[in-house]
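Participant: Got a structure here, written out as structure tokens. Questions coming.
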Amino acid sequence: MSGGARREMNLGVFVETTGRHLASWRHQQVNPLAPLDFGHYRRVMEIAERGLFDLFFLADGLAIRDRSAERLGRGPKAHFEPLTLLSALSMASRHIGLIATASTTFNQPFHIARKFASLDFLSGGRAGWNIVTSSSDAEAENFGADPIPAARERYRRAAEFVEVVRGLWDSWDDDAIVADPASGVYFRPDGLHALNHRGEFFAVRGPLNIARPPQGHPLLVQAGSSVAGMALGASVGEVIYTAQTTLADARSFYRQLKEQAQAAGRSPDAMRILPGLFPVVGRTRDEAREKFDYLQSLIHPDVGLAQLEHHLGGVDLSGYPLDGPLPELPQAGDNPTSRIALLQHVARRDNLTIRDLYLQVAIARGHPVLIGTATDIADMMTAWFQEGGADGFNIMPGWLPGGLADFVDLVVPELQRRGVFRRRYQGATTRDIMGLARPAGRYAAPVNHRLTAGE
Ligand SMILES: Cc1cc2nc3c(=O)[nH]c(=O)nc-3n(C[C@H](O)[C@H](O)[C@H](O)COP(=O)(O)O)c2cc1C
């Protein structure tokens, strides 16, 4: 909630190089070399701030995770490391929260605490960390650990990792640094605390060699959907990303996670749940549909086919005509799931060709795609926001920067007219702007954990 008693949405933008759509890099308004062009991200950032967005989010992985031979070379895979890019972007923005993804499986807590604290200082209190555990063997193979550890172990490590990072952020009391040339005292030694952590995965003495961040703790963002993932989100997540396709599902996820957070002793308002939304906005529905059809026409058949084969459990469809029907599948490999059965059923029922089906599969990727006017899109967003499905949205523009500019120019004013979104930024840090409390340092209470002499 931000500014006064009225509840307002939080909006983030999910910045995926050239856009969410698989073929965005081929869009006539997109610079195909944008993934490594700083000016591109600066333009996206400016548009997001013009739209008064809360968050600018960069996802990340520690490998080229897609190993499909058919798709290889058919989309951008070379891009910036998020913390580095956000450090540069912090100089080109003033209000928006800067969220970088970093893995708890292939990092050490000391590095992560230090880097996010640095970004928080550079940006004047606008850093956030999307906590992920990484899930692919492709990533594990870059760190000498093959295969990837089991999810349960990764989440156990993640919980301890986050605890250590939070402890390190508290190394310095907020007022420890006095920097007083007259007395010759730079900082109060009793305001500096060693963590002395010893756990299952980490042994970290501390303290951190950077002062307490402007936000106390940079914002903690999380997107787990398994039982272990949701447990971590409920215990530490302040912003939650999630993929929900219906209001009913969104409500059930929202209710469950807020209840879990409460059970963990947190206020439900201290956690903002932002489902993803891929909007295609037009001044008319026809115009929106045209924009969407144009994007779809750019999907290379090899890419579409590989996507469909993946969704069908790894079958090989290369011998079949694209404009012919889906063949009978021999239970789609040895891993039949309800999704495979559903796709086969839909193809038969609606008389879809292989091409029709891959076009359907390629767009969704778990998040709702909404094609329509500003009113259509604001209707859906307002309903989810007011009926217990969302505290806001993680907007995934189909192509960048154009898809975001459409949203900012058309949908944002509509949300403002309805009184569900801010008309100006209020506050300096991301926590201030989002109405999330700044955590007190853990040593702020009377107990003093002094450093040993000589430190
Ligand atoms: C909007 C969104 C963004 C995500 N970004 C990343 C990311 O950048 N890197 C990553 O490895 N996983 C990312 N994930 C995956 C989640 O961290 C998580 O692993 C996934 O939702 C599955 O949940 P689970 O880990 O509990 O099984 C993202 C998920 C969502 C919904």
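Participant: Scan segment 211-228 residue by residue and report those that are buried (at least 20 other Cβ atoms within 10 Å of the Cβ) and either part of a helix (DSSP H, G or I) or within 10 Å of the ligand (Cβ to nearest atom) (or both).
Facilitator: Listed by number, the residues that qualify are VAL221, GLN222, ALA223, GLY224.
Here's the yes/no breakdown for (1) crowded, with 17+ Cβ neighbours inside 10 Å; (2) farther than 30 Å from ARG166 by Cβ; (3) under 24 Å from the mean Cα position of the chain (by Cα); (4) modelled with pLDDT under 95:
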residue	(1), (2), (3), (4)
THR242	yes, no, yes, no
THR245	no, yes, yes, yes
TYR254	yes, no, yes, no
ARG272	yes, no, yes, no
ARG283	no, yes, no, no
LYS291	yes, yes, no, no
LEU312	yes, yes, no, yes
SER318	no, yes, no, yes
PRO327	no, yes, no, yes
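Participant: If I go through segment 44-92 residue by residue, how many of them are within 20 Å of ASN394 (Cα to Cα), open to solvent by 10 Å² or more (accessible area, probe 1.4 Å) and not hydrophobic (A, V, I, L, M, F, W, C)?
Facilitator: Residues that pass the stated criteria total 5.
Participant: Do we have VAL412 as in a helix (DSSP H, G or I) and either at pLDDT 95 or above or not polar (S, T, N, Q) (or both) here?
Facilitator: It is true that VAL412 is in a helix (DSSP H, G or I) and either at pLDDT 95 or above or not polar (S, T, N, Q) (or both).
Participant: Now for a different question. In segment 119-149, what count of residues is obtained for those that are farther than 29 Å from GLY435 by Cβ, at pLDDT 95 or above and of a type in the set (Gly, Ala, Ser)?
Facilitator: The qualifying residues number 2.
Participant: Given the conditions (1) closer than 28 Å to GLY313 by Cα; (2) in contact with a Phe, Trp or Tyr (Cβ under 6 Å, 6 or more places away or on another chain), which single one is not true for SER103?
Facilitator: Condition (2) is where SER103 drops out.
Participant: Evaluate segment 114-124: report whether one residue or more is open to solvent by 10 Å² or more (accessible area, probe 1.4 Å), under 21 Å from the mean Cα position of the chain (by Cα), free of Cβ contacts under 8 Å to residues at least 40 places away in the same chain and under 20 Å from HIS197 (Cα atoms).
Facilitator: yes
Participant: Right, here's the next one. Got at least one residue in segment 96-104 being open to solvent by 10 Å² or more (accessible area, probe 1.4 Å) and either assigned to a loop (DSSP other than H, G, I, E, B) or over 25 Å from ILE395 (Cα atoms) (or both)?
Facilitator: No - not one qualifying residue is present in segment 96-104.
Participant: Right, something else. May I ask you to verify whether SER123 is farther than 28 Å from PRO207 by Cβ, among the small types (Gly, Ala, Ser) and touching a strand residue (DSSP E or B) at 6+ places or on another chain (Cβ under 9 Å)?
Facilitator: No.
Participant: Looking at (1) buried (at least 16 other Cβ atoms within 10 Å of the Cβ); (2) touching a strand residue (DSSP E or B) at 6+ places or on another chain (Cβ under 6 Å), find the lone condition where VAL185 falls short.
Facilitator: The number of the failed condition is (1).
Conditions (1) within 16 Å of the ligand (Cβ to nearest atom); (2) assigned to a helix (DSSP H, G or I); (3) among the acidic types (Asp, Glu), marked per residue:
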residue: GLU153; (1), (2), (3): yes, yes, yes
residue: ARG157; (1), (2), (3): yes, yes, no
residue: GLU160; (1), (2), (3): no, yes, yes
residue: VAL165; (1), (2), (3): no, yes, no
residue: GLY206; (1), (2), (3): no, no, no
residue: ASN209; (1), (2), (3): no, no, no
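Participant: Let me ask another. Restricting attention to segment 241-250, which residues are outside any loop (DSSP other than H, G, I, E, B) and more than 9 Å from the ligand (Cβ to nearest atom)?
Facilitator: Correct list: LEU247, ALA248, ASP249, ALA250.
Participant: Please go through segment 27-77 and give me each residue that is among the acidic types (Asp, Glu) and farther than 28 Å from ASN142 by Cβ, ordered by number.
Facilitator: GLU46, GLU49, ASP54
Participant: With the requirement that a residue be touching a Lys or Arg at 6+ places or on another chain (Cβ under 9 Å), loosely packed, with under 14 Cβ neighbours inside 10 Å and under 30 Å from PRO213 (Cα atoms), what does segment 407-428 give you?
Facilitator: none
Participant: Still on this model: Can you pull out the residues in segment 51-95 that are in contact with a helix residue (DSSP H, G or I) (Cβ under 9 Å, 6 or more places away or on another chain), part of a loop (DSSP other than H, G, I, E, B) and among the small types (Gly, Ala, Ser)?
Facilitator: Within segment 51-95, GLY51, ALA59, GLY61, ALA63, SER68, ALA69, GLY75, ALA78, ALA92, SER93 qualify.
Participant: Given the structure, is ALA234 open to solvent by less than 10 Å² (accessible area, probe 1.4 Å), in a helix (DSSP H, G or I) and more than 12 Å from the ligand (Cβ to nearest atom)?
Facilitator: Answer is no for this residue.
Participant: I need a count of the residues in segment 339-369 that are within 16 Å of the ligand (Cβ to nearest atom), among the aliphatic types (A, V, I, L, M) and not in a helix (DSSP H, G or I).
Facilitator: Total meeting the criteria: 1.
Participant: Separate question: Scan segment 398-409 for residues that are out of contact with any strand residue (DSSP E or B) (no Cβ under 7 Å at 6 or more places or on another chain) and outside any helix (DSSP H, G or I) and report the count.
Facilitator: Total satisfying the criteria: 3.
Participant: Cβ-Cβ under 7 Å, sequence separation 6+ or interchain: first residue in segment 170-199 and at positive phi, partner at pLDDT 95 or above and hydroxyl-bearing (Ser, Thr, Tyr). Which pairs?
Facilitator: Here the result reads ALA179/TYR186, each pair linking segment 170-199 to a residue that is at pLDDT 95 or above and hydroxyl-bearing (Ser, Thr, Tyr).
The values are calculated or read from the model by the stated rules, or taken from the named source; none is laboratory data. Keep in mind that this is a model prediction, so the values were computed, not measured. Quick reminder, even Gly has a Cβ in these numbers, built from the backbone with ideal geometry, and neighbours come from all protein chains shown. Note: accessible area is taken over every heavy atom of the protein model, side chains too, but ligands, DNA and RNA are not part of it. Shrake-Rupley method; radii C 1.70, N 1.55, O 1.52, S 1.80 Å.
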